[in-house]
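Q: For reference, the structure I am asking about is given below.
The values are calculated or read from the model by the stated rules, or taken from the named source; none is laboratory data. Given the structure is predicted, the values throughout are model-derived calculations rather than measurements. Positions of Cβ are generated from backbone atoms using ideal geometry, with glycine treated the same way; all protein chains shown enter the neighbour counts. Heavy atoms of the whole protein, side chains included, go into the accessibility calculation; ligands, DNA and RNA do not. Shrake-Rupley method; radii C 1.70, N 1.55, O 1.52, S 1.80 Å.
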Amino acid sequence: MKLTRRGFFKITGAAGAAATVSRAYAAKASPAPEDPFGCLVDLTRCIGCRKCEDACNRVNDLPPPARSFEDPTVLNRPRRPDEKAFTVVNRYFPGQRDASNQLVPTFVKIQCMHCQEPACASACIVGALTKKENGAVHYDVTRCIGCRYCMVACPFEIPAYEYHDPITPRVMKCTFCFERISEAGGLPGCAEICPTEAITFGRRKTLLAVAKKRIQDNPARYLQEIYGEKEVGGTSWMYITAVPFEKLGFIDVPDKPTPRLAETIQHSLFAYLWSPIVLYGLLGGIMWASRGNRPHPEDEEGDRR
Amino acid sequence: MTKPFSSGRALRFLIALMTVLVAAPAFAAGNPEADELALSPEWKAPNQEEARQRAQEVVPLIEAVVDECQLCRQQRLRDVGLGVKDIVHSYFLLESPIIKKREDHYGPVRFMHTKHAAAIQDCAICHHARPADPSAKETVRCSACHQEAFRTDHPERLGLKAAYHQQCIQCHRDKAKGPVDCAGCHPKNVPDHKELVKLGANPEPWDVTEECLRCHAAAGEDMLATAHWLWKGHSAYTLNQQKKVIHGKGTTAINNF
Ligand code: SF4
Ligand code: SF4
Ligand code: SF4
């Protein structure tokens, strides 16, 4: 396994967490809203047109892309959302072939999942990230201190940082079009433009029912799985598919929400503020103890005499 | 041996490629089917104005439809004797205010109703449900059932835009006929290149290529990474692409253009 920087933090975090998981956090009430909005992405419907990327760029006033949204060669290599693109569509060839022996592509749109119990929000020590009642995990730039704990905590590796901006860098991720969906009848930019309704917008509970009905009505077309129903305690964005998720770059995450893990990292960091005292005490002790072993300069002098 | 990239060679190659691309439609013209599909953007149906007006109508939503399988639906249409001969409007302009209210980035799609019906010979493929109201007409327009997307009262029902796209693209794929890309159906706003292209009198072929690359630099870069330039390998777009071609200008051949 290649160990990325992020992966390294996760491992060290997990080690710290394992040491200090406490009952108090497990008993804490879940911050998940009762009836949030969500989006259901039906991968069997996505045609890879990248109109969602285009719309997202427009509604969020993001910088123009290096290559046009109509340029299909962009799909030739997999991408991740970054500070200039909150959502990206990737193409996979999982192996099926059509009647003329051509590989059939599957397209996957990725963005922030808007977790029900977001790890990024729990990791944030100043409350810049919060799960809103309407489902959006919202970022407040005025509170952010730029510590980037959210980037380490997110199990989906979503938040990006404006490293190029030395004065006012921000953490950037899909906003779930918070302002737009807060208005009556408002839709996320991507869901509104999608030509095939590969993205269905609605209440999370309704979408779960829609997803289950689609799978039940067409068991040959879909796998019996909804990514995001239980993953990390449930997410506002969910996916259904014809191809196993692991072949489509989906990250294998536990069903339990990871916030507790992130929170424990935070709390243990602060809880262990006493640790330097112990460390220096220990070092001091060693020095003191080893003091007698070293020949004393005066003794040396005395020997020479 | 592969020689390092030289811009002169790239240009000459592009010219050759362009020649092929420009010539291709001429070959296709001999094929009547290709003729039908490649409607020029300027083409106007004789009943264009009437179609445009019809496209503006929004009919009341049909709340309930008869729940039946496709086979039963086909059977019923056959029983009532509905077919191509009964078509009232042979030409539609798909430009509903329901769609325009939300997004309006593309021009309307021209839909040849009779032509499609005659080719498919199965009305039930598109007219896949019957209104539950017994007094309603047997077949209704798409927008009678499919209107706004994501309605809370009908969460499972597709909006009009998605109904069009799913129906058209799926059928074009299944039958391996008809466009599946955006511009294949929607007229695209390509700026008039007469205004943009600046060439002196009697330009050499490479002058033309250079002029193309002035704006389409990325297209030129892309070409250098394709089998057209490298003459080897792997392209996701070619048949049996899983078999890598190891011989070619980019590898074993000496004459590398
Ligand atoms: S996907 Fe990551 S950034 Fe988005 S809400 Fe979940 S933890 Fe936060
Ligand atoms: S919900 Fe809004 S911000 Fe998020 S991907 Fe869609 S358009 Fe972009
Ligand atoms: S707009 Fe819809 S169909 Fe197009 S790439 Fe995005 S999700 Fe897929």
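Q: Can you find a residue in the stretch A:93-107 that is surrounded by 13 or more Cβ atoms within 10 Å (Cβ to Cβ) and more than 14 Å from chain B (Cβ to nearest Cβ)?
A: Taking every residue of the stretch A:93-107 in turn, none turns out to be surrounded by 13 or more Cβ atoms within 10 Å (Cβ to Cβ) and more than 14 Å from chain B (Cβ to nearest Cβ).
Q: Could I ask something else about it? If you check B:Cys168 against the conditions, is it within 14 Å of another protein chain (Cβ to nearest Cβ) and either modelled with pLDDT under 90 or touching a strand residue (DSSP E or B) at 6+ places or on another chain (Cβ under 7 Å) (or both)?
A: no
Q: Return the total of residues in the stretch A:101-118 being modelled with pLDDT under 95 and outside any loop (DSSP other than H, G, I, E, B).
A: Residues in the stretch A:101-118 being modelled with pLDDT under 95 and outside any loop (DSSP other than H, G, I, E, B): 1 in total.
Q: Among the residues in the stretch B:150-163, are any in contact with a Gly (Cβ under 9 Å, 6 or more places away or on another chain) and more than 10 Å from every other protein chain (Cβ to nearest Cβ)? Even if it seems obvious, please write down each step before you answer.
A: To start, the set of residues in the stretch B:150-163 that are in contact with a Gly (Cβ under 9 Å, 6 or more places away or on another chain) comprises B:150-152, B:155.
Now drop any that are not more than 10 Å from every other protein chain (Cβ to nearest Cβ), which leaves none.
No, the stretch B:150-163 has no match at all.
Q: Hey, another quick one. For A:Arg45, are the conditions met, namely being more than 16 Å from ligand 1 (Cβ to nearest atom) and over 27 Å from B:Glu156 (Cβ atoms)? Even if it seems obvious, please write down each step before you answer.
A: Numbers: more than 16 Å from ligand 1 (Cβ to nearest atom): yes; over 27 Å from B:Glu156 (Cβ atoms): no.
It is false that A:Arg45 is more than 16 Å from ligand 1 (Cβ to nearest atom) and over 27 Å from B:Glu156 (Cβ atoms).
Q: Additional query: Can you pull out every residue in the stretch B:178-226 that is open to solvent by 80 Å² or more (accessible area, probe 1.4 Å), more than 30 Å from B:Trp43 (Cα to Cα) and part of a helix (DSSP H, G or I)?
A: B:Trp206, B:Glu210, B:Arg214, B:Glu221
Q: I want to confirm something. Restricting to the stretch A:69-92 and keeping residues that are outside any loop (DSSP other than H, G, I, E, B) and touching a residue at least 60 places away in the same chain (Cβ under 8 Å), which single residue is farthest from the other protein chains (Cβ to nearest Cβ)?
A: Among residues in the stretch A:69-92 that are outside any loop (DSSP other than H, G, I, E, B) and touching a residue at least 60 places away in the same chain (Cβ under 8 Å), the one farthest from the other protein chains (Cβ to nearest Cβ) is A:Asp82.
The rows are residues; the columns are (1) more than 28 Å from A:Asp98 (Cα to Cα); (2) touching a Ser or Thr at 6+ places or on another chain (Cβ under 6 Å).
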{"residue": "B:His127", "(1), (2)": "no, yes"}
{"residue": "B:Val140", "(1), (2)": "yes, no"}
{"residue": "B:Ala149", "(1), (2)": "yes, no"}
{"residue": "B:Gln170", "(1), (2)": "no, no"}
{"residue": "B:Thr226", "(1), (2)": "no, no"}
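Q: Among (1) touching a helix residue (DSSP H, G or I) at 6+ places or on another chain (Cβ under 9 Å); (2) at pLDDT below 90; (3) more than 30 Å from A:Arg148 (Cβ to Cβ), which single condition is A:Arg67 missing?
A: Only one criterion in (1) touching a helix residue (DSSP H, G or I) at 6+ places or on another chain (Cβ under 9 Å); (2) at pLDDT below 90; (3) more than 30 Å from A:Arg148 (Cβ to Cβ) is unmet by A:Arg67, namely (3).
Q: Quick one: in the stretch A:198-242, which of the residues that are open to solvent by less than 10 Å² (accessible area, probe 1.4 Å) and in a loop (DSSP other than H, G, I, E, B) is nearest to ligand 1 (Cβ to nearest atom)?
A: Going through the qualifying residues, I end up with A:Ser236.
Q: Taking the condition at pLDDT below 95, farther than 20 Å from B:His165 by Cα, within 16 Å of ligand 1 (Cβ to nearest atom) and open to solvent by less than 50 Å² (accessible area, probe 1.4 Å), does A:Pro33 pass?
A: When the stated conditions are applied, A:Pro33 passes them.
Q: If I ask for residues that are surrounded by fewer than 21 Cβ atoms within 10 Å (Cβ to Cβ), among the aliphatic types (A, V, I, L, M), away from ligand 2 (no atom under 16 Å from the Cβ) and under 18 Å from A:His114 (Cβ atoms), which ones from the stretch A:133-185 would you list?
A: A:Met151
Q: Here are A:Thr130, A:Thr106: which of them is touching a strand residue (DSSP E or B) at 6+ places or on another chain (Cβ under 6 Å), more than 16 Å from ligand 2 (Cβ to nearest atom) and closer than 30 Å to A:Asn76 by Cβ?
A: Details: A:Thr130 fails: closer than 30 Å to A:Asn76 by Cβ.
When all the criteria are applied, what remains is A:Thr106.
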